[in-house]
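**Student:** Mind having a look at this structure? Questions to follow.
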Amino acid sequence: MNQYIICKMRGSVFSFLLENGKAVEIQRDEEQQDMRLGNIYIGRIKNISGTIGAAFVEITPGTICYLPLNDLVNPVYTKKGSSGKPQMGDELLVQISREAIKTKFPSVTTNLTLHGKHILLTTGKTQTSVSSKLSLAERQRLIHLVNEIEPESSERPYGWLLRTNASGIDQKTLEKDMARLRKSYKAITKEAIHKVCYNCVLSRPNPWISRLSDLYETAAEQFLTDDEAIWHEAREYLTLYQPEDLPRLSFHQDTMQPLYKKYSLEQQLDSALSEHVWLKSGGYLIIQPTEALTVIDVNSGKYEGSKKNRQKAFFKINKEAAAEAAHQIRLRNISGIILIDFINMESQEDNKELLNYLDGLLRRDPIRTVLVDMTKLSLVEITRMKKEKPLNA
């Protein structure tokens, strides 16, 4: 059984997505977090730098955020007299798109996105689009459904993005999801005009609750927690937004064996934070995150095969390492540029087969992950979209 477990450990709230008891995703969240990813604020432009192509927006007194000018799409200004061109002092709606990391400011965007289980409302584009992970026939069906509910219009200030979760959805369910998001968008934009700067006009629920809408239908058959407050919060959220998923929510009441002990969650967490990851073949990975990128080094380790069979063994270790690297990237939520230094192989055919194998594994990741190529130095370059902080942050 696949399970989504939310529990408290080591002073934080942890979310574990387990597949047959093995963690494939782990997220750590602080219980008190004011600047949540997805929150929408009325911000004020403090400065504009054409040199770096960005504006700096204050969203609460003293909290400055980075706004790339190419993210300044269809802005919603809240202060009268604001022109179409951004100027210092303008007040506008911005949404946190990236949390602060070490010395970097949080990032915001004027492309407001409201989340539904099956569909997103977005102000960046006014067209309807569909997740590329769905088949062409299903994408066409879904676009047709949306256009029947609400035909595209050049005057519409928002567009729709159908999620992978929308696969197989019926018109009635989709219409309900769209109506809720449309109502929320109209309320936010209408009320913001009458509110003062620095107001938070949309506060996203706790991250461990928000993820309930991000899970694919098949990702978790059970939502499980042993914390009463979290259970009540999850129940309230599902009742309001995902009533069809309420039967999946369970409360673990065995105080003698809390969830972190029953599923060895602390051990799984420690393993996911370790620099070394051992492979069954005797090889191992060394995973080293840096400020600019993450490096995964593949080593033959304890392998003691003969020289004659060495290339065959290297291919076997590399394939095992590819599978484990794909697992660790998702598990640790590694994003940005990732370089994998596999054991060098003489056969170009073996290299090609390895890349195809790894590419297939990366495509299964719910977060967009792209195998770019193998460099001249035989390093495999991967990029992965940033969604939340990595586990080690």
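**Student:** Peptides 316-329, 131-144: what's the order by average Cβ count within 10 Å, highest mean first? Don't jump to the answer; show the numbers that get you there.
**Tutor:** On the way: 316-329: 21.2, 131-144: 14.6.
So the peptides 316-329, 131-144, ranked by packing, come out 316-329, 131-144.
**Student:** Oh, and also: Leaving out same-chain residues fewer than 8 places away, which aspartates and glutamates sit with a Cα under 13 Å from that of LYS316?
**Tutor:** Within reach: GLU324, ASP350, GLU353.
**Student:** Please list, in chain and number order, the residues 5+ apart from GLN222 or on another chain whose amide H is under 5 Å from its amide H, with Hs placed from the backbone.
**Tutor:** TYR4
**Student:** Of all the accessible heavy-atom surface of the chain, with the other protein chains kept in place and a 1.4 Å probe, what percent is carbon and sulfur?
**Tutor:** On the way: 10280 of 20350 Å².
Whole-percent figure for carbon plus sulfur exposure: 51.
**Student:** Given that just one value was derived from the coordinates, which of (i) 167; (ii) 123; (iii) 306 is volume of the Cα convex hull per residue in Å³?
**Tutor:** From the options (i) 167; (ii) 123; (iii) 306, the structure gives (i).
**Student:** On to the next question. What are the residues whose amide H is under 5 Å from the amide H of LEU120, where those residues sit 5 or more places off or on another chain and H is modelled from the backbone?
**Tutor:** Here the answer is LEU161, LEU162, ARG163, since their amide H atoms fall under 5 Å of that of LEU120.
**Student:** Another question, if that's okay. Kindly write out, for the stretch 60-67 in residue order, the coupling ³J(HN,Hα) from the Karplus curve 6.51 cos²θ - 1.76 cosθ + 1.60 (θ = phi - 60°), rounded to whole Hz, with x marking Gly and Pro.
**Tutor:** Running phi through 6.51 cos²θ - 1.76 cosθ + 1.60 with θ = phi - 60° gives 9, x, x, 9, 9, 10, 8, 10 Hz.
**Student:** Show me the GluC sites (Glu not before Pro) within the stretch 239-283 that DSSP assigns to loop and that have at most 15 other Cβ atoms within 10 Å of their Cβ.
**Tutor:** Numbers: sites: GLU244, GLU266, GLU275; in loops: GLU275.
Of the GluC sites (Glu not before Pro), the ones in loops of the stretch 239-283 whose Cβ has at most 15 other Cβ atoms within 10 Å are GLU275.
**Student:** With unit charges on the beta carbons (Lys and Arg positive, Asp and Glu negative) and the dipole taken about the Cα centre of the stretch 123-254, which residue among LEU134, ILE169, VAL196 sits farthest to the positive side?
**Tutor:** Selected residue: VAL196.
**Student:** Still on this structure: Provide the net charge surrounding LEU269, with neighbours chosen by a C-beta distance below 10 Å and charges set as Lys +1, Arg +1, Asp -1, Glu -1. Kindly include the intermediate steps, with their values, before the conclusion.
**Tutor:** Details: positive: ARG10, ARG28; negative: GLU266, ASP270.
Summing Lys and Arg as +1 and Asp and Glu as -1 gives 0.
**Student:** Could I ask something else about it? Tell me the trypsin sites (Lys or Arg not before Pro) within the stretch 231-286 that lie in a loop according to DSSP and have at most 15 other beta-carbon atoms within 10 Å.
**Tutor:** On the way: sites: ARG235, ARG248, LYS261, LYS262, LYS280; in loops: LYS280.
Answer by residue number: LYS280.
**Student:** Mind listing the phi-derived Karplus ³J(HN,Hα) values for the stretch 122-131, rounded to whole Hz, using 6.51, -1.76 and 1.60 with θ = phi - 60°, and x for any glycine or proline?
**Tutor:** Rounded to whole hertz, the list is 9, 8, x, 9, 9, 8, 9, 9, 9, 3.
**Student:** Next question. Just check the stretch 105-161 against the gyration tensor rule for me: Cα atoms, a ≥ b ≥ c as the square roots of the eigenvalues, rounded for a/c under 1.5, and otherwise prolate or oblate depending on whether a/b exceeds b/c. Before the final figure, lay out the partial values.
**Tutor:** Details: a/c = 2.51, a/b = 1.46, b/c = 1.72.
Oblate, because a/c is 1.5 or more while a/b does not exceed b/c.
**Student:** Calculate, for the stretch 125-242, the solvent-accessible area per residue in square angstrom, rolling a 1.4 angstrom probe over the heavy atoms of the protein chains.
**Tutor:** Values: 6300 Å² over 118 residues.
Here the per-residue accessible area is 53 Å².
**Student:** Return the loop-located trypsin sites (Lys or Arg not before Pro) in the stretch 181-230 (DSSP other than H, G, I, E, B) with at most 12 other Cβ atoms within 10 Å of their own Cβ; answer none if there are none. List each step's numbers first, then the result.
**Tutor:** On the way: sites: ARG182, LYS183, LYS186, LYS190, LYS195, ARG211; in loops: LYS195.
Here no trypsin sites (Lys or Arg not before Pro) fit, given the DSSP loop and packing criteria.
**Student:** Still on this structure: Determine the alpha carbon to alpha carbon distance for each of LYS186/LYS386; LYS280/LYS319; LYS85/LYS183; LYS117/LYS172 and list only those over 18 Å. List each step's numbers first, then the result.
**Tutor:** Values: LYS186/LYS386 29 Å; LYS280/LYS319 12 Å; LYS85/LYS183 28 Å; LYS117/LYS172 14 Å.
Over 18 Å apart, Cα to Cα: LYS186/LYS386; LYS85/LYS183.
**Student:** List the residues, sorted by chain then number, that are 5 or more residues from THR78 or on another chain and whose placed amide H is less than 5 Å from its amide H.
**Tutor:** Here GLU91, LEU92, LEU93 satisfy the definition.
**Student:** Set the bar at 21 Å for Cα to Cα. Now go through LYS176/LYS387; LYS104/LYS376; LYS22/LYS262; LYS8/LYS262 and name every pair that lies beyond it.
**Tutor:** Numbers: LYS176/LYS387 26 Å; LYS104/LYS376 32 Å; LYS22/LYS262 12 Å; LYS8/LYS262 14 Å.
Exceeds cut-off: LYS176/LYS387; LYS104/LYS376.
**Student:** How large is ³J(HN,Hα), in whole Hz, for each residue of the stretch 158-174 in order, when computed from phi with the Karplus curve 6.51 cos²θ - 1.76 cosθ + 1.60 and θ = phi - 60°, using x for Gly and Pro?
**Tutor:** With the stated coefficients, the stretch 158-174 comes to 8, x, 10, 10, 7, 7, 4, 4, 7, 4, x, 5, 9, 4, 5, 5, 5 Hz.
**Student:** Any idea what the dipole of the chain comes to, in debye rounded to 20, about its Cα centre with Lys/Arg Cβ at +1 and Asp/Glu Cβ at -1?
**Tutor:** On the way: 53 positive and 49 negative charges, 130 e Å.
Magnitude of the dipole: close to 620 debye.
**Student:** Would you check the accessible area of GLU236, probe 1.4 Å, heavy atoms only, in square angstrom rounded to 10?
**Tutor:** Rounded to the nearest 10, that gives 120 Å².
The values are calculated or read from the model by the stated rules, or taken from the named source; none is laboratory data. Quick caveat: nothing in here was measured; it's all calculated off a predicted structure. Cβ coordinates were reconstructed from backbone atoms using ideal geometry, including for glycine residues, and neighbour counts include every protein chain displayed. Note: accessible area is taken over every heavy atom of the protein model, side chains too, but ligands, DNA and RNA are not part of it. Shrake-Rupley method; radii C 1.70, N 1.55, O 1.52, S 1.80 Å.
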